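Visitor: This is the structure, below, for whatever I ask next.
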Amino acid sequence: MESVRTIPKKQIYKAIIEAIGQIYCQSTPETKSLLNQALAIEEDDVAKDMLQAMLLNEELAAKEQLPICQDTGIVIVFADIGTETKIENGTLYSIVSEAVNDAWGKYYLRDSIAEEPLRYFSNPQKKSKYYSQPVILHLSEILGNKLELHISLKGGGAENCSTLKMFNPTATLTEIEDFIIDTVVSAGGKPCPPVFVGIGIGGDFEQCAILAKRALMIPLPDS
């Protein structure tokens, strides 16, 4: 059995702020490679212009340390925490929330999460407020004394195109594949490109959606 490890709040806080800056301002090499591959084989002039614009946008964002997209979305964190791990001075959720709040100020990110809309039905003239919170935190217990944080920043356009379908036990693989393809085609340009599709199959209503979001964190192929 590994010895108990205490992780300082400051270490977690700093790592989250750095990660948010990298995610918002820098595209991954794999994403750039896939965009360049798409540009090389694309024949439509309009589509070529869009791909070139995305590549230029990523280049400028990295150079100026500005968000790649104006839709800063919602922070989703999958935390794998060891059974022999302790967190110093606070809960993991409170540390993540504080780091997200401070990262929004450091990187000049827009508050994109609307206040609960039902409050305004009684007063339609009241102006909506927007926030960087809440953070969505999923906890999983693992053996050992490590803490792994997998962070996703999902824009509202992509989130609003999420779809779930309950299939009959007799459903075929072709039916499932057709549903996935139809969902992507129907979404069209609503989710900000480039679009990466997370697919979850199995579990109940809740678990299936969580699997789909976790799938988005699988490393991309480099070619």
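Visitor: So for region 80-223, taking the charge dipole from beta-carbon charges (+1 Lys/Arg, -1 Asp/Glu), which of Thr183, Ala171, Val96 sits furthest toward the positive end?
Guide: Highest projection toward the positive end goes to Val96.
Visitor: Please give the per residue volume of the convex hull enclosing the alpha carbon atoms of region 126-205, rounded to a whole number of Å³.
Guide: 191 Å³
Visitor: Still on this structure, I have one more. Calculate the dipole size of region 27-103 relative to its Cα centre from +1 charges on Lys and Arg beta carbons and -1 charges on Asp and Glu beta carbons; express the result in debye to the nearest 20.
Guide: 220 debye
Visitor: State which entries of Lys14/Lys86; Lys9/Lys154; Lys9/Lys213; Lys14/Lys106; Lys106/Lys154 exceed 22 angstrom in Cα-Cα distance in the structure shown.
Guide: Checking Cα-Cα distances, Lys9/Lys154; Lys9/Lys213 exceed 22 Å.
Visitor: What is the dipole size for the chain, taken about its Cα centre, with +1 at each Lys and Arg Cβ and -1 at each Asp and Glu Cβ, in debye to the nearest 20?
Guide: It comes to approximately 1020 debye.
Visitor: Moving to a separate point now. Once you keep just the Cα pairs under 8 angstrom separated by 6 or more residues, what percentage relative contact order results for region 125-222?
Guide: It comes to 24 percent, rounded to a whole number.
Visitor: Taking the Cβ-Cβ separation of Lys146 and Asp44 as r and a Förster radius of 41 Å, what is the calculated FRET efficiency to the nearest 0.05?
Guide: Efficiency, from the Cβ-Cβ distance: 0.30.
Visitor: Working from the pairwise distances between different alpha carbons, so that the mean of 1/r is found and then inverted, what is the chain's Kirkwood radius in Å?
Guide: One decimal place: 20.0 Å for the Kirkwood radius.
Visitor: Give the Rg (one decimal place) followed by the Dmax (whole number) of region 1-41, computed from C-alpha coordinates and expressed in Å.
Guide: 17.7, 53
Visitor: Taking only DSSP H segments of four or more residues, each worth -39500 (n - 2.57), what value at 222 nm results for the chain once the sum is divided by all its residues, to the nearest 500 deg cm²/dmol?
Guide: Rounded to the nearest 500, it is -13500 deg cm²/dmol.
Visitor: Using the C-alpha atoms of region 1-93, what convex hull volume per residue, in cubic angstrom, is computed?
Guide: Enclosed volume per residue, from the Cα hull, is 142 Å³.
Visitor: Any idea what Rg and Dmax come out to for region 66-181 if you just take the C-alpha atoms, in Å?
Guide: 18.9, 54
Visitor: Cβ neighbours within 10 Å, averaged per peptide: list 159-167, 5-13 in order, most packed at the top.
Guide: 5-13, 159-167
Visitor: With r as the distance between the Cβ atoms of Leu56 and Leu211 and R0 = 45 Å, compute the FRET efficiency 1/(1 + (r/R0)^6) and round to 0.05.
Guide: According to the calculation, E is roughly 0.85.
Visitor: Now a separate question. Which distance in nm do the two modelled labels at Cys192 and Lys10 give, with both placed 7 Å along the Cα-to-Cβ direction?
Guide: 3.4 nm
Visitor: Let me ask another. With each pseudo-label sitting 7 Å past Cα toward Cβ, what's the Asn89-Leu139 distance in nm, one decimal?
Guide: 2.1 nm
Visitor: Okay, next question. If you take every residue apart from Ser132 with its C-beta less than 13 Å away from the C-beta of Ser132, what net charge results, scoring Lys and Arg +1 and Asp and Glu -1?
Guide: Result for the neighbourhood of Ser132: -2.
Taken together, the values in this text are just the output of simple stated rules run on the coordinates, not laboratory data. From a predicted model like this one, the values you see are computed outputs, not experimental measurements. When we count neighbours, we look across all protein chains shown, and the Cβ atoms used for this are built from the backbone with ideal geometry, even at glycine.
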